[in-house]
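Undergrad: A single structure is presented below for examination.
The values are calculated or read from the model by the stated rules, or taken from the named source; none is laboratory data. Note that the structure is predicted; figures quoted are calculated from it, not measured. Because the Cβ atoms are built from the backbone with ideal geometry, glycine has one as well, and the counts that use them run over all protein chains shown. Just the protein is used for accessible areas: all its heavy atoms, side chains included, with ligands, DNA and RNA removed. Shrake-Rupley method; radii C 1.70, N 1.55, O 1.52, S 1.80 Å.
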Amino acid sequence: MRELLHIHPSGLGSALLLLAAGIASGLAGSIAGLASLFSYPALLAAGLGPVAANVTNTVALFSNTVGTAAGSRVELQGQRRRLVRLAATAALGGAIGAALLLSTPSSTFQLVVPWLIALGSVLILARDPLRSLTARYRPDSASLPQLPLACAVLLVGLYGGYFGAAAGVLMLAVLSLSATEPLPVTNAVKNIATGAANVTAAVAYAFLAPVDWGAAAALGLGCFAGAWLGPVMVRRLPEKPLRIAIALAELALAWSLWRDAVAR
């Protein structure tokens, strides 16, 4: 099957594959933070090596941020100060993560990533009890204190710049505990914060890493379209079933990644 999908990055079939994968990635990324679940395997199937696929994926997902920002204008109203603060912190983390990736192998995180994703999934499932517990000890607010929140966002941004897979899962979990608000708002803020880390890393890779620009363009075009539609779907779907579905999908991804890492 892999041989059938292994086509040259410059071919029309490859471009169509990446365009379709980009649409799926944009939807999955804007809704659940799982963009790389579709985009990274598609880049490998199109003929890119692991390193080129990783950095090309990061560059292409820049359009994911643009698409989600355009599709989430309703949810992002009144969030400017919060977005600037979170985006700056995540961008700093993304820069550190990119520097680490350019100097160390990304395989360092292969055994750790599944557990991080699983933790994020559990936090999303347990959001309401954890909010209640926080409110019990801090009756004036159910939000995380600013310093722990900034540290968590910085670390997620670092992870996003370094490895990237399912970074949105962790950001959604952190932000779900940081404020009491509807899921569509948290999801929209998550997309911008994660995108800031991604953009910082993408700039570094554009100059210092083997980006395949043709593949990035085809994938990015699809990502933009899918990411624009994602917030519209989140806005219309019931919150609790959607949150449970996101968490369960992420637990399945964590299991798959752990199994593959152990098998290597």
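Undergrad: So how compact is the range 27-119: Cα radius of gyration and Dmax in angstrom?
TA: 15.2, 44
Undergrad: Ordered by packing density, taken as the mean number of other Cβ atoms within 10 Å over each peptide's residues, highest first, how do 182-189, 48-55 rank?
TA: 182-189, 48-55
Undergrad: What share of Cα pairs, in percent, lie more than 15 angstrom apart in the range 162-214?
TA: Taking all Cα-Cα pairs of the range 162-214, the fraction more than 15 Å apart is 53 percent.
Undergrad: In what sequence, largest accessible area first, do 171, 233 appear using a 1.4 Å probe?
TA: 233, 171
Undergrad: Then there's this: Taking amide H positions as placed 1.01 Å from N in the peptide plane, with prolines and chain starts having none, which residues 5 or more places from residue 180, or on another chain, fall under 5 Å of its amide H?
TA: Here the answer is none, since no amide H 5 or more places off falls under 5 Å of that of residue 180.
Undergrad: Can you give the accessible area of residue 61 in Å² (nearest 10), computed on protein heavy atoms with a 1.4 Å probe?
TA: 20
Undergrad: Moving to a separate point now. If you plug each phi of the range 49-64 into the Karplus form 6.51 cos²θ - 1.76 cosθ + 1.60 with θ = phi - 60°, what whole-Hz ³J(HN,Hα) values come out, in order, with x for Gly and Pro?
TA: Karplus values, whole Hz, x for Gly and Pro: x, x, 5, 4, 5, 5, 6, 5, 4, 4, 5, 5, 6, 4, 5, 4.
Undergrad: Can you pull the accessible area of residue 205 for me, 1.4 Å probe, Å² to the nearest 10?
TA: 0
Undergrad: While we're on this one: Sort 151, 223 from largest to smallest accessible area, using a 1.4 Å probe on the heavy atoms of the protein chains.
TA: Highest to lowest solvent-accessible surface, that is 151, 223.
Undergrad: Once amide H atoms are placed 1.01 Å from N in the peptide plane, what residues at a sequence separation of 5 or more from residue 35, or on another chain, have their amide H within under 5 Å of its amide H?
TA: 29, 166
Undergrad: What's the local net charge at residue 157, with K and R +1, D and E -1, over the other residues with C-beta under 14 Å away?
TA: That sum, taken over residues with Cβ under 14 Å, equals +2.
Undergrad: Need one number: nm distance between label points at residue 51 and residue 248, each 7 Å from Cα along Cα→Cβ, rounded to one decimal.
TA: If labels sit at residue 51 and residue 248, their model points lie 4.1 nm apart.
Undergrad: Compare 73, 82, 259, 243 by solvent-accessible area with a 1.4 Å probe and give them largest first, with all protein chains kept in place.
TA: Correct descending sequence by accessible area is 73, 259, 82, 243.
Undergrad: Shifting gears a bit: For the residue pair residue 66 and residue 126, what label-to-label distance in nm results when each label sits 7 Å from Cα along the Cα-to-beta-carbon direction?
TA: 4.0
Undergrad: On to the next question. Can you give the accessible area of residue 65, probe radius 1.4 Å, in Å² rounded to 10?
TA: 30
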